[in-house]
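S.K.: Below is a structure I'd like to ask you about.
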Amino acid sequence: MIRSVARLIAISLVALLGAAAPAAAQDPTVKPEDVVRVEQAVTGLATAKRTAAHEVAERQRAALKALEPCKSGGKGWKRIRAVKVKVQRSLYTRGARELWKGLAEVAGERGAFEAYRPGFERFLSRFDQPLADPVLQAGVDAWRSRVAYYEAATSFATCANFGKLLKRVRQFKENVRADYLAGDIYNKMVRFVADGRRSAASRHWPSRHDAALKAARTQLVALGGNDGYATFFAFGHSLRG
């Protein structure tokens, strides 16, 4: 009798332990290693961006200062002022001002990128060993492409490029063809920044990368990750803080 009871107890314990094992494996408080790695990297990135906040303003001021010499002076402006035809001179003046304004915006982005770059690089170095989950790894790959995009899309805000574009400026005889030729020079000025960004995006930031980051965000949450960390993983590359 005693032996039978002991045997039943032993069988019951084995059954209970067997049921508990899969339950532990599915414990929602135990996050997959990939999720843990991403959340640790995201935490480090957030700290790095907060630390670099003061440096952003300093670097942006320095970048704008480097553009100051060509804001209203230099050989390019001399070429514009030498144009005697008022309509053409006014067109070139508007184009040069628009060009400088666009370059100043890019220079500000460059300043922010330079301040955040070390944090971005440390963040990505945490994934030198690829993640096991292909959706999350695709998000990391998109991150790398975003940094490459910033490098290309913020590198052309210089007075050298400003002067190069204004070398095209010249006076034409007043006729219909002159309007076309002067207008073409104007268009190259005002489209320069947009064309530079578009070229950088075509090489480094196709739409699939944005989609990959959003998919990675959804996957992190599905795997038990924190929603806030997942969102920061998808959008923490922003240069706006």
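The values are calculated or read from the model by the stated rules, or taken from the named source; none is laboratory data. Quick caveat, the model's predicted, so the values are computed rather than measured. Methodologically, a virtual Cβ is constructed for each residue, glycine included, from the backbone with ideal geometry; neighbour enumeration extends over all protein chains shown.
S.K.: Has region 221-231 got any residue that is among the charged types (D, E, K, R), in a helix (DSSP H, G or I) and surrounded by fewer than 21 Cβ atoms within 10 Å (Cβ to Cβ)?
M.R.: There is at least one residue in region 221-231 that is among the charged types (D, E, K, R), in a helix (DSSP H, G or I) and surrounded by fewer than 21 Cβ atoms within 10 Å (Cβ to Cβ).
S.K.: Also, I was wondering about something else. Whether any residue in region 83-94 is touching a residue at least 60 places away in the same chain (Cβ under 8 Å) and within 31 Å of the chain's Cα centre (by Cα) is what I want to check.
M.R.: Within region 83-94, one or more residues are touching a residue at least 60 places away in the same chain (Cβ under 8 Å) and within 31 Å of the chain's Cα centre (by Cα).
S.K.: Right, here's the next one. Tell me, yes or no, whether region 89-112 has at least one residue that is among the β-branched types (V, I, T), within 30 Å of K173 (Cα to Cα) and at pLDDT 95 or above.
M.R.: yes
S.K.: So how many residues does region 135-164 have that are surrounded by fewer than 19 Cβ atoms within 10 Å (Cβ to Cβ) and over 21 Å from L45 (Cα atoms)?
M.R.: Residues meeting the conditions: 8.
S.K.: If you check A132, A115, which single one turns out to be in a helix (DSSP H, G or I) and within 20 Å of A41 (Cα to Cα)?
M.R.: Going through A132, A115 in turn, the sole match is A115.
S.K.: If you take the residues in region 183-211 that are among the aliphatic types (A, V, I, L, M) and over 20 Å from the mean Cα position of the chain (by Cα), which one is nearest to F235 (Cα to Cα)?
M.R.: The residue in question is V190.
S.K.: Please state which one of A211, A201 is among the hydrophobic types (A, V, I, L, M, F, W, C), at pLDDT 95 or above, assigned to a helix (DSSP H, G or I) and loosely packed, with under 14 Cβ neighbours inside 10 Å.
M.R.: The conditions single out A211.
S.K.: Also, I was wondering about something else. Taking L64 as meeting all but one of (1) out of contact with any Asp or Glu (no Cβ under 8 Å at 6 or more places or on another chain); (2) in contact (Cβ under 8 Å) with a residue 60 or more places away in the chain, write down the number of the exception.
M.R.: Status for L64: all satisfied but (2).
S.K.: Identify all residues within region 153-188 that are touching a residue at least 40 places away in the same chain (Cβ under 8 Å), in contact with a Lys or Arg (Cβ under 8 Å, 6 or more places away or on another chain) and either more than 22 Å from R89 (Cβ to Cβ) or not in a helix (DSSP H, G or I) (or both); write none if there are none.
M.R.: Across region 153-188, the qualifying residues are A153, T154, S155, A157, K167, V169, R170, Q171.
S.K.: Residues of region 189-235 being free of Cβ contacts under 8 Å to residues at least 40 places away in the same chain and closer than 30 Å to L166 by Cβ, which ones?
M.R.: R191, D195, R198, S202
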